[in-house]
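Here is the structure we will look at, set down as C-alpha cells.
The values are calculated or read from the model by the stated rules, or taken from the named source; none is laboratory data. All of these numbers come straight from a predicted model, not from anything done at the bench. Positions of Cβ are generated from backbone atoms using ideal geometry, with glycine treated the same way; all protein chains shown enter the neighbour counts. Only protein heavy atoms, including side chains, enter the accessible area calculation; ligands, DNA and RNA are left aside. Shrake-Rupley method; radii C 1.70, N 1.55, O 1.52, S 1.80 Å.
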Amino acid sequence: MNNRNIAIIAIVIIAVAAIGVYGYSTYSTSSESGTIVIYAADSLGSQLNATAKEFKNQHPNVNVEIHYSGSQAAIRQITDLNKSADIMASADYGLIDQRLIPNYTSWNAKYARNNLVIAYTNKSKNSSQINSTNWYQIFNQSDVKFGFSDPNSDPAGYRAVMMIKLADSYYNNSDIFNSLVASNSAITSAANGTGYAISAPANLNPGSHIMIRDDAAQLMPSLESGALDYAIVYKNIAEQQKGSGVEYMELPGSLSLNDTQYESDYKKISLVEYSDSNDANKTKIVKLSPIVYGITVLNNAPQKQLATEFVQLLLSPTGTQIIQNSFQEPITPAIATNDSTNIPQALQQYITGGK
C-alpha cells in the first residue's frame, strides 16, 4: 500500500471518529435562530444552565429559555395550562411516561442519576452528632426543625416523604413516619395490602416542626440562615451550596434512593398526590422509584430541530462532563424507557433501547 492510500485511510478514520464524538456539532450552524423553551426540575438548574451556555456558543443566534420548578408543576404547565414548550426535563423519568406519553411526546430518555441526602450547617442543632443511624431521632427532638419540598409539586418532596416511610422497615421501627411526618402535618400513611399508600392533601398543614417549600432548592436559604436545621434534598443541591457552609450526610442503603437493586422495596410505597388545590377529588398516584432523570422533546415543539440538537449536546461527551460537573451521575448511553417510540435519528447514537 503506497503512502497516498495510507494517508487517505487515516483521514477517513479521523473523520469517522470525530463524527462519533462530536456528532451534535454536525447539526449546528451559525445561521440557525430562534428560542428553545424548556420546562425543567429545579435540581437541573446548574446542569441545564451550563449546557445552555455551551449551546449558545455553538448557536450564537439561538436563545434558550428555561423555566424551573418542581417536575409535577412543570409538567402541568404543558398538560393543564397548554404552555408552548420544546423540551421537558423531569427529576422523575416516570412522570414523562405517565403524563406526557403518548399525547405530548413519543419518547423519553433516562440520562442521569441523583440521590437523597440530609443537608445541614454548623448552625443546625446537634449537627455534630447526626449520623446514618440516629438522624430520625435527632429530627424528632422538640427544638429541631427539618424540611422537605411539597410532595404535590416536586419529586424531591414525595421522595423525602416516602423515604421516611421506608425508614420504618429499614430501622425496624414502625413509629418513624408517624412521629416525624403524620404528627406534624396532614400527610398520612395507611397499609394497602401490598405495602403502604401515603396521602398528601392539597393543604399539607405543616406544624412548627416542619418546613415545606415548593421545591427543594427553596429550602436552602432557610437552612443557611439557621431558620431550618435540616433539609432532605438531592445531593447535587447540597454540593452546590458547600461554599455557603452547607454540609450533608449520606443516607444508608436503600434510603438514598439511588440503587436499582432496591426497586422491589421501593414499589411497595406509593403516594396519592393532590395536584389541584381547587378540586379535592383530583388525584394522581406516584410510586417510589430510584432517582433517575428523564428528558424528551415534545411532539408539538415549535423549535423541534433546535430542541433535538440541545438534547444531542446534553447526551454527548461534552454534555456528560457538564452533568458530572453538576454533581450528578450521567447515564451513558442514555436509556429509552419501555414506553418510548421513534427516538430521533440524531439522538440514536446516544440512546439505547426503545421500541
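Side notes on the structure shown:
- Among residues of the stretch 246-269 that are over 13 Å from Leu116 (Cβ atoms) and free of Cβ contacts under 8 Å to residues at least 60 places away in the same chain, those with a beta-carbon under 8 Å from a residue that is among the small types (Gly, Ala, Ser) and open to solvent by less than 70 Å² (accessible area, probe 1.4 Å) at least six positions away or on a different chain give the pairs Glu263/Ser289.
- Every residue from the stretch 290-318 that is of a type in the set (D, E, K, R) and open to solvent by less than 10 Å² (accessible area, probe 1.4 Å): Glu309
- Flag not set for Asn173, criterion: assigned to a loop (DSSP other than H, G, I, E, B) and surrounded by 23 or more Cβ atoms within 10 Å (Cβ to Cβ).
- Residues of the stretch 186-203 satisfying the condition of being open to solvent by less than 20 Å² (accessible area, probe 1.4 Å) and either hydrophobic (A, V, I, L, M, F, W, C) or over 21 Å from Ser264 (Cβ atoms) (or both): Ile187, Ile198, Ala200
- Any chance Tyr234 is open to solvent by less than 50 Å² (accessible area, probe 1.4 Å), closer than 24 Å to Ala40 by Cα and of a type in the set (Phe, Trp, Tyr): yes
- Complete set of residues in the stretch 79-106 that are under 24 Å from Gln305 (Cβ atoms), open to solvent by less than 10 Å² (accessible area, probe 1.4 Å) and either free of Cβ contacts under 8 Å to residues at least 40 places away in the same chain or of a type outside the set (Val, Ile, Thr) (or both): Ala85, Asp86, Met88, Ala89, Ser90, Leu100
- Test: residue in the stretch 300-311 that is within 19 Å of Arg76 (Cβ to Cβ) and out of contact with any Asp or Glu (no Cβ under 6 Å at 6 or more places or on another chain): yes
- Scanning the stretch 37-49 for residues that are open to solvent by less than 40 Å² (accessible area, probe 1.4 Å) and assigned to a helix (DSSP H, G or I) yields Ser43, Leu44, Gly45, Gln47, Leu48.
- Taken together, the criteria exclude Gln129 from residues that are closer than 20 Å to Ala216 by Cα and open to solvent by 30 Å² or more (accessible area, probe 1.4 Å).
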